[in-house]
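K.L.:
Mind having a look at this structure? Questions to follow.
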Amino acid sequence: MGALFWLKRYLLAALPLFAILAAVEWFKGSTAPADYMSAGLWALAAAGLFTYSHWRRYRQALPCARCDDTGTASRKT
């Protein structure tokens, strides 16, 4: 997985998060540019942590808890 993949994953996390945080600020009635800047910084930081954790898990070949249930265990029929 190349750099473009991780950049797309970062943007797919950061942009919706910024939209959600900016919408919350807008619904609160705050229209100061500093509030939207804060929402943007929080979105960038959270998306960075999200992407870094997934990149680290990928690099170390750690199993994903959600992916562990692949049906290889005995199933009740």
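K.L.:
Counting just the residues of region 14-57 that are under 15 Å from the mean Cα position of the chain (by Cα) and among the hydroxyl-bearing types (Ser, Thr, Tyr), which one comes out surrounded by the fewest Cβ atoms within 10 Å (Cβ to Cβ)?
P.N.:
This residue is Ser53.
K.L.:
Filter region 58-77 down to the residues that are modelled with pLDDT of 75 or more and under 18 Å from the mean Cα position of the chain (by Cα), then identify the one that is surrounded by the fewest Cβ atoms within 10 Å (Cβ to Cβ).
P.N.:
Within region 58-77, the match that is surrounded by the fewest Cβ atoms within 10 Å (Cβ to Cβ) is Arg59.
The values are calculated or read from the model by the stated rules, or taken from the named source; none is laboratory data. This one's a predicted model, so the numbers in the text were calculated from it and none came from an experiment. Note that each Cβ is placed from the backbone with ideal geometry, even for glycine, and that neighbours are counted across all protein chains shown.
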